[in-house]
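The values are calculated or read from the model by the stated rules, or taken from the named source; none is laboratory data. It should be emphasised that the depicted structure is a prediction, and the values quoted were computed from it without experimental measurement. Positions of Cβ are backbone-derived with ideal geometry, glycine not excepted, and every protein chain shown enters the neighbour counts. Ligands, DNA and RNA are stripped out before the accessible areas are found, and what is left, the full protein with its side chains, is counted by its heavy atoms. Shrake-Rupley method; radii C 1.70, N 1.55, O 1.52, S 1.80 Å.
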Amino acid sequence: MISVLFVCLGNICRSPMAEAVFRHQLVQHGLEGIIAVDSAGTGDWHLGKQPHEGTRVLLDRYGISYEGMRSRQVTLEDYSNNDYIVCMDNNNEQDVRQLFGSRSDGHSKVFKFMDLLPEHKTCDVPDPYYTGNFDEVYELVSLGCTRLLQRIQEEKLTQV
Ligand code: 4NP
């Protein structure tokens, strides 16, 4: 199994949206038994909570399931348990690299979500917990997840 982990701060807005959208894409491609996806937060304020209402509204609008999803915090084990650790902003990346310590030094499995969207100048997925703009996050997340799936298919699933 190839494993993807999306990481944000609270694990209620951005990374759960990415998890749900990516899982939806996996199901559409028949890859849900081959690629696993999860999300986690660097902070611990919302442990056990379902995604934020703004995220749920967007997912409902697009018919994307978030059933059973609950906020959890990133753990040290997440480093070895995942192949792609995709951080929604620069602070999230710094925080997980600090948690993972020297294991993750220079390791390309930890990267920023916006690295998937180089045509955008910003390196952070804007945090809708503060901006209130969940629509712009959905647009970025949707396209970024498509790119991530292409990348994984190229890197791990190409048959010679
Ligand atoms: P997220 O947004 O990192 O996209 O889940 C946030 C959620 C909660 C908080 C900050 C950001 N908070 O400070 O509680």
Counting only residues that are within 14 Å of the ligand (Cβ to nearest atom), in a helix (DSSP H, G or I), in contact (Cβ under 8 Å) with a residue 60 or more places away in the chain and open to solvent by less than 40 Å² (accessible area, probe 1.4 Å), how many does segment 120-143 have? 5
Residue by residue through segment 39-54, note down the ones that are within 13 Å of the chain's Cα centre (by Cα) and in contact (Cβ under 8 Å) with a residue 40 or more places away in the chain. THR42
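Answer with yes or no whether ASP38 is charged (D, E, K, R) and touching a Leu at 6+ places or on another chain (Cβ under 8 Å).
Numbers: charged (D, E, K, R): yes; touching a Leu at 6+ places or on another chain (Cβ under 8 Å): yes.
Yes: the conditions hold for ASP38.
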Which of the residues belonging to segment 53-94 are in a loop (DSSP other than H, G, I, E, B) and away from the ligand (no atom under 16 Å from the Cβ)? TYR62, GLY63, ILE64, SER65, GLU67, GLY68, THR75, LEU76, ASN82, ASP83
Mind checking which pairs have a first residue in segment 144-158 that is among the charged types (D, E, K, R) and a second that is part of a helix (DSSP H, G or I), Cβ under 7 Å, 6 or more apart or different chains? ARG147/LEU116
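Before we move on, is ASP38 away from the ligand (no atom under 11 Å from the Cβ) and either under 21 Å from ASN92 (Cβ atoms) or not hydrophobic (A, V, I, L, M, F, W, C) (or both)? Give the steps one after another, and end with the answer.
Values: away from the ligand (no atom under 11 Å from the Cβ): yes; either under 21 Å from ASN92 (Cβ atoms) or not hydrophobic (A, V, I, L, M, F, W, C) (or both): yes.
Considered against the rule, which asks whether it is away from the ligand (no atom under 11 Å from the Cβ) and either under 21 Å from ASN92 (Cβ atoms) or not hydrophobic (A, V, I, L, M, F, W, C) (or both), ASP38 comes out as yes.
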Would you check if GLY43 is near the ligand (Cβ under 9 Å from one of its atoms), assigned to a loop (DSSP other than H, G, I, E, B) and farther than 17 Å from GLY132 by Cβ? yes
Scanning segment 1-35 for residues that are part of a strand (DSSP E or B) and among the aliphatic types (A, V, I, L, M), the one nearest to the ligand (Cβ to nearest atom) turns out to be VAL7
